[in-house]
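First the structure, in the form of structure tokens, and then the observations on it.
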């Protein structure tokens, strides 16, 4: 059985770690999407491909995330 895995990166430490992790996963041809929550996330995101900007607030998160999972 061949299972496809989708990786969703949500929130990581301040700095380039998540960017490097995403680049590494994409280089390995893994399906990896990163959610950017704020300007700090965008600052450290070199790979503009496979990213989604969440521009809501905490109250919006549950509905937004559930809708994302249905895609």
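Taken together, the values in this text are just the output of simple stated rules run on the coordinates, not laboratory data. Note that the structure is predicted; figures quoted are calculated from it, not measured. Reconstructed Cβ throughout: ideal geometry from the backbone, glycine too, with neighbour counts over all protein chains shown.
Only DSSP H runs of four or more residues enter the estimate; each adds -39500 (n - 2.57), and after division by the residues of the chain the mean residue ellipticity at 222 nm equals -12000 deg cm²/dmol.
For residue 17 and residue 66, what is the calculated FRET efficiency with R₀ set at 35 Å and r taken between the beta-carbons, to the nearest 0.05?
On the way: r = 27 Å, r/R0 = 0.78.
With a Förster radius of 35 Å, E is 0.80.
Pull out the extension gain between residue 35 and residue 5, defined as 0.36 nm times the separation in residues minus the alpha carbon to alpha carbon distance; nm, one decimal. Don't skip to the answer; put the middle values down first.
Working: separation 30, 0.36 × 30 = 10.80 nm, distance 1.69 nm.
So the extension gain works out to 9.1 nm.
Packing order of peptides 36-45, 51-60, highest average first: 36-45, 51-60 (average count of other Cβ atoms within 10 Å over each peptide's residues). Summary of the geometry: the range 1-41 and the range 50-71, compared by the centres of their Cα atoms, lie 16 Å apart. Would you mind classifying the chain by shape? Square roots of the alpha carbon gyration tensor eigenvalues, ordered a ≥ b ≥ c; an a/c under 1.5 is rounded, otherwise it is prolate if a/b is larger than b/c and oblate if not. Taking the square roots of the gyration eigenvalues as a ≥ b ≥ c, the chain is oblate.
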